[in-house]
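Student: Pasting a structure below so you can have a look.
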Amino acid sequence: MLPPVRIIMRIFQGLALASLLLTVTAQSCTNYGTPDSSGCLCPPGFGGSNCSQPGCGGTIFDGSSRSLTPPSSASGGFPNLTSSGCSCSNGWTGIGCNVCTSSSACQTAYSAVNGNASATAAQVSGINDTMVCNTMPTVWAAGELSCQVNNPTLEAIYPLQSTLNILRTYNASLSPLHNTSGTTLSPNGSSIVYAQLFYAGVEQFSCTASPCTQSLANTTDTWTCSNLQCDCIANTTFCGGSSSANLAGALDLLTGTLTIVCDTTNTCHFQQQVLNTLFGSSGLAMENCVFGECVTQAVIDSANGTTSSSQSGGSQPLGGGVIAGLAVVCGLIAIGVAAVVWGWVLQRSARKRPFDGDQSGGVAVRWLDVSYFVRPSGASVFSRRSNVTEMTILDGVSGHVPAGELMAILGPSGAGKTTLVELIAGKAKSGVFTGSITFPPLANGQRPRVAFVPQTDILPAVLTVREALTFAASLRLPESLSSEKKAALVSAVISRLGLEDVAETKIGATDGTGRGISGGEARRVSIGLELVGCPDVLVCDEPTSGLDSVSAWRVEMGVAEV
């Protein structure tokens, strides 16, 4: 059975193929801003000529005069909230600083822009014009929330921090943000949701859905919205800028009904049919959520009065609960059937893709002016870069390896060898990377396959060498390649690495605590696990470290044979 991460990536790839059948039209305003005579009216927290720049400090009441996050060359030209030195004012939190934490922060921010003007809408009959910060999941007018995304499958592909910001507008006319310059809460006046996902401080995609309904049950607040649409920002990490996976096609296909469920334990779930299929019936889980809504007390008092009178008519009939339960059961069955059918379609499609298992003969690798910096331990991600002395790991390193050749990178401990080869292999790093690493495209136009062998041997102790390589080949090679060809490829790798004598031997413990193959043989098995995937480029991190001279020579000869 394929591991969950590979299943998720295959489903995303299938959705990406389906997205080619759609016609995409360019938007003049990103983040679902509304075009006007001066440019774009943007959702709170965004600005610029096309609403693509998050606010940098300030408050959501600043509108078009709010400072914006500049594009960052270290982040591919996209604004990066974590590296731009933006910090939140007192009383504001969340990535982008759009969530209030105190009533005084709301009143101060509103007065700084509007003076003593009333923040209460004319149609509200209450007289209490006091500004408050509602920090509960329930929304009275328009409320912000910011959560950390917690999903092991997604984190396996994208290991850095993902944060989801959501603006839920229940009644725009009742919000003190309604008349903020350069800002739109609801273009058509109906209830609406805006959502943006940030990865390592860079916005990856945005979604919107409207109209919406809000329902309350004990400590749970549920928003149900129609007409969901999402827009992936091209060349960001999630949307084509990383070799891990390109989710653009899948995200652009998210449609239908969106459900956002939040409770008082600071936990929310972002639910949609496809997301529920991928991540479970609860959808995309979010934790450490913060809620904040600047609203007048008159709006809350008026809503509570209406709610009290409407609930005084008696309890709901029992039949409604039964119907809801049946609807949930039918929905789960439908999702299960759809997942099975979709998996069958993907399997059929995978078996039809041509692949002969032959390697391309290698491709060239070139890196130019590669530099890598990390923040010292204990430095805050929100601190200004000018106030933090960054540690330089690599400084302007350049190199070139022609196709079909072997290069050894030598240097003392701490020289940055591991960092360089990990960057060449495309591994996710938490520091700041500058420069360029390029591979020429293959003859068929596809990107080269890059394999990476880490320093540590992580091998299945209970399998033989042949079984381990066969299992790796089954996971890495497409289903269109027959079992006979996969077995032949495994035998060829065993012969190439000189592992014929131990091919049927259990790997065992490679740390010297039990019987098994030797350290040099284990190193060659680790290399073989990557070679069975028919890579175009093989990157090994200290392949001879810890080996005696004979074992190291055999590893070197095995790599040279490749």
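Student: If we scan the stretch 182-189, do we find a residue that is at pLDDT 95 or above and in a strand (DSSP E or B)?
Tutor: no
Student: Could you pull out the residue among 239, 232 that is under 22 Å from residue 200 (Cβ atoms) and touching an Asp or Glu at 6+ places or on another chain (Cβ under 8 Å)?
Tutor: After applying the criteria, what remains is 232.
Student: Among 114, 128, which is in contact with an Asp or Glu (Cβ under 8 Å, 6 or more places away or on another chain), modelled with pLDDT under 95 and either over 24 Å from residue 210 (Cα atoms) or not assigned by TED's automatic domain parsing to the domain that holds residue 183 (or both)?
Tutor: Exactly one of 114, 128 is in contact with an Asp or Glu (Cβ under 8 Å, 6 or more places away or on another chain), modelled with pLDDT under 95 and either over 24 Å from residue 210 (Cα atoms) or not assigned by TED's automatic domain parsing to the domain that holds residue 183 (or both), namely 128.
Student: Just a yes or no: is a residue in the stretch 230-240 of a type outside the set (D, E, K, R), buried (at least 21 other Cβ atoms within 10 Å of the Cβ), within 30 Å of residue 109 (Cα to Cα) and at pLDDT 90 or above?
Tutor: Looking through the stretch 230-240, none of the residues is of a type outside the set (D, E, K, R), buried (at least 21 other Cβ atoms within 10 Å of the Cβ), within 30 Å of residue 109 (Cα to Cα) and at pLDDT 90 or above.
Student: Within the stretch 481-500, identify whether any single residue is surrounded by 16 or more Cβ atoms within 10 Å (Cβ to Cβ) and small (Gly, Ala, Ser), and answer yes or no.
Tutor: Within the stretch 481-500 (the criterion being surrounded by 16 or more Cβ atoms within 10 Å (Cβ to Cβ) and small (Gly, Ala, Ser)), the answer is yes, since at least one residue qualifies.
Student: Would you pick out the residues in the stretch 56-77 that are part of a helix (DSSP H, G or I) and more than 21 Å from residue 182 (Cα to Cα)?
Tutor: Correct list: 73, 74, 75.
Student: Of everything in the stretch 444-463 that's assigned to a loop (DSSP other than H, G, I, E, B) and among the β-branched types (Val, Ile, Thr), which residue is nearest to residue 533 (Cα to Cα)?
Tutor: Looking at residues that are assigned to a loop (DSSP other than H, G, I, E, B) and among the β-branched types (Val, Ile, Thr), I get 458.
Student: Now, a different point. Can you pull out the residues in the stretch 82-109 that are of a type in the set (A, V, I, L, M) and either outside any loop (DSSP other than H, G, I, E, B) or not assigned by TED's automatic domain parsing to the domain that holds residue 59 (or both)?
Tutor: Correct list: 99, 105, 109.
Student: Any chance you could count how many residues in the stretch 302-338 are crowded, with 17+ Cβ neighbours inside 10 Å and either modelled with pLDDT of 90 or more or hydroxyl-bearing (Ser, Thr, Tyr) (or both)?
Tutor: Matching residues across the stretch 302-338 total 1.
Student: Determine whether the stretch 435-443 contains at least one residue that is surrounded by 17 or more Cβ atoms within 10 Å (Cβ to Cβ), on the phi > 0 side of the Ramachandran plot, in a loop (DSSP other than H, G, I, E, B) and out of contact with any Ser or Thr (no Cβ under 6 Å at 6 or more places or on another chain).
Tutor: No, the stretch 435-443 contains no residue that is surrounded by 17 or more Cβ atoms within 10 Å (Cβ to Cβ), on the phi > 0 side of the Ramachandran plot, in a loop (DSSP other than H, G, I, E, B) and out of contact with any Ser or Thr (no Cβ under 6 Å at 6 or more places or on another chain).
Student: Can you name every residue in the stretch 78-117 that is under 15 Å from residue 179 (Cα atoms), without any contact (Cβ under 8 Å) to a residue 60 or more places away in the chain and among the small types (Gly, Ala, Ser)?
Tutor: Selection gives 111, 112, 115, 117.
Student: Those residues that are modelled with pLDDT of 90 or more and assigned to a loop (DSSP other than H, G, I, E, B), I need them from the stretch 33-47; list them, please.
Tutor: 33, 43, 44, 45 - these are the residues of the stretch 33-47 that are modelled with pLDDT of 90 or more and assigned to a loop (DSSP other than H, G, I, E, B).
Student: If you don't mind, there's one more thing I want to ask. Of all residues in the stretch 520-543, which are in contact with a Ser or Thr (Cβ under 6 Å, 6 or more places away or on another chain) and outside any loop (DSSP other than H, G, I, E, B)?
Tutor: 520, 522
Student: So which residues in the stretch 277-301 are closer than 28 Å to residue 328 by Cβ and surrounded by 20 or more Cβ atoms within 10 Å (Cβ to Cβ)?
Tutor: 278, 279, 283, 284, 286, 289, 291
Student: Of all residues in the stretch 243-270, which are of a type outside the set (D, E, K, R) and closer than 30 Å to residue 425 by Cβ?
Tutor: Within the stretch 243-270, 243, 244, 245, 246, 247, 248, 249, 250, 251 meet the criteria.
Student: Given the conditions (1) at pLDDT 90 or above; (2) among the acidic types (Asp, Glu); (3) surrounded by 15 or more Cβ atoms within 10 Å (Cβ to Cβ), which single one is not true for residue 504?
Tutor: Here residue 504 clears every test but (3).
Student: With the stretch 190-282 as the region, which strands (runs of 3 or more DSSP E) entirely inside it contain at least 2 residues that are touching a Gly at 6+ places or on another chain (Cβ under 7 Å), in contact (Cβ under 8 Å) with a residue 12 or more places away in the chain and of a type outside the set (Asp, Glu)?
Tutor: Hits in the stretch 190-282: 268-271.
Student: Quick check on my filter: what residues within the stretch 464-514 are aliphatic (A, V, I, L, M), within 22 Å of residue 559 (Cα to Cα) and assigned to a loop (DSSP other than H, G, I, E, B)?
Tutor: Of everything in the stretch 464-514, those that are aliphatic (A, V, I, L, M), within 22 Å of residue 559 (Cα to Cα) and assigned to a loop (DSSP other than H, G, I, E, B) turn out to be 477, 497, 499, 503, 507.
The values are calculated or read from the model by the stated rules, or taken from the named source; none is laboratory data. Keep in mind that what you see is a predicted model, and the values were worked out from it rather than measured. Don't worry about glycine lacking a Cβ; one is built from the backbone with ideal geometry, like all the others, and counts go over all protein chains shown.
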